[in-house]
Amino acid sequence: MLKKFLFADLDDTLFQTFGKCGAHTPDMLEPAAYYKDGSICSYTTPSQRSFLALLQDGMTVIPTTARDLDGLRRVSLPFRSYAVINYGGVVLEPGGAVDQPWLDGMRTAMHTALPGLLALAAHIDAHCARTGYGGRARMIEDFATPFFLVVKDPDKQAERLAPLEDEVVRPWIEDGGHDYFIHRNGNNLAILPKALNKANAVAHITARLKEEHGEIVTFGMGDSRSDARFMAACDYAIIPRGTQLAGLTVGAL
C-alpha cells in the first residue's frame, strides 16, 4: 500500500472565521486558530472536523499556507510532518526545524525581489495618501526575510480593494514588466515575487518523501485561485464547496 500525503491550505480550507461559517450556530463550532492576543480567530464546522478525521486516518496532512511561523503555531489542529509556510518561502521539517538549504535559496531570491516590492509599497502608500484611502502596504517578513506585500481594507469592505488592484497595482506590474503576481481573495490583496510559490515547496517535499518512502500518492487541497498551482503538482486535487477556486472550476460548469 502506497503512503498518502495531503498538502492542505489552512485558512478557508480546513477552517474559517466565524463570519464564514454560514448557518452553523456557535455550539456547532470548535476553535481552530487564534489571534496573537489569544482570542479565537477561526473555527471548524462538524463536517470539517469529520473530514479532517477521515484524512488523518491513513493519510499524512502537510499544512501548505501563507501563514508565518507564529501564525502556524496559533493553529490548534495536530500536524506532525512537514509544513510549508510563508507561501512556500519556508519549509519546516517534521519536528519543526527549518529546512535551511531551502530557506537559503529562497532568501537569495527574495532579496533580489525586495527592491521591486519596496517600490510598489511606496507607490501604493502614495496613492492611499493622495486619495485618502485608509489601507496601506504591509511587508510580510519571517526568518529575517521579506517575502511579499499585503493590503487589507481597514473596514473589511473587500470590494474597496478592487480599484487599488486594477488602477494601481496591476498597471505597475504590467507597465514595468516586473516579475511579480497578484493574489486576491476576499479582504486580502497580496503581491508576491514569482519565485515565491507553494508549488515549488510542495515539489521539493514530494521529492524528499519519495526518497524516503519510494512511490507515494499526493493530494492537494485549497480554496483560492493561487492554490491551484500547488494542487496541480499533486496526483489529486480536493476543492471545498463555496470557495473561490470552486467557483472558478466546478462551479463554472
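Tabulated values for the structure
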| quantity | calculated |
| --- | --- |
| Highest-MSF residue in the chain out of 83, 144, 158 [GNM, Cα springs under 10 Å] | 144 |
| The stretch 169-253 - percent relative contact order, Cα under 8 Å, separation 6 or more | 20 percent |
| Straight-distance crosslink candidates among lysines, where the alpha carbon sits under 17 Å from residue 210 and sequence neighbours closer than 8 are dropped | 3, 4 |
| Volume in Å³ per residue [convex hull over Cα atoms, computed for the stretch 131-243] | 135 Å³ |
| Share antiparallel - DSSP beta bridges, the chain, percent rounded to 5 | 60 percent |
| Pairwise centroid distance, computed over Cα atoms, of the stretch 123-165 with the stretch 177-253, Å | 23 Å |
| Whole-Hz ³J(HN,Hα) from phi, Karplus 6.51 cos²θ - 1.76 cosθ + 1.60, for the stretch 197-203, glycine and proline x | 7, 4, 4, 5, 5, 4, 4 |
| Which of 133, 236 has the fewest Cβ neighbours within 10 Å, and the rest in rising order | 236, 133 |
| When the convex hull of its Cα atoms is projected in every direction, mean area for the chain (nm²) | 14.9 nm² |
| Likely footprinting exposure, 7, 230, 143, fewest C-beta neighbours within 10 Å first | 143, 230, 7 |
| Extension gain, residue 208 back to residue 162 (0.36 nm per residue minus Cα-Cα distance, nm) | 12.6 nm |
| Low-density loop positions, chymotrypsin sites (Phe, Trp or Tyr not before Pro), the stretch 8-81 - DSSP coil, at most 16 other Cβ in 10 Å | 35 |
| Mean separation of Cα contacts under 8 Å (6+ apart) over length of the chain, as relative contact order % | 19 percent |
| Anchor residue 152: lysines whose Cα lies under 20 Å away (excluding residues fewer than 8 positions away in-chain) | 20, 36 |
| Loop sites in the stretch 1-105: trypsin sites (Lys or Arg not before Pro), DSSP, at most 12 other Cβ within 10 Å | 36, 80 |
| If the convex hull is drawn through the Cα atoms of the stretch 107-193, its volume per residue in Å³ | 89 Å³ |
| Hypothetical label at residue 236: residues of the stretch 49-65 whose amide nitrogen lies under 20 Å (7 Å Cα-Cβ projection) | 49-64 |
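Read the figures in this text as sums done on the coordinates, not as results from a lab. Remember, predicted model here, so these are calculated numbers, not experimental data. For neighbour counting, all protein chains shown are included, and Cβ atoms are generated from backbone atoms with ideal geometry for every residue, glycine included.
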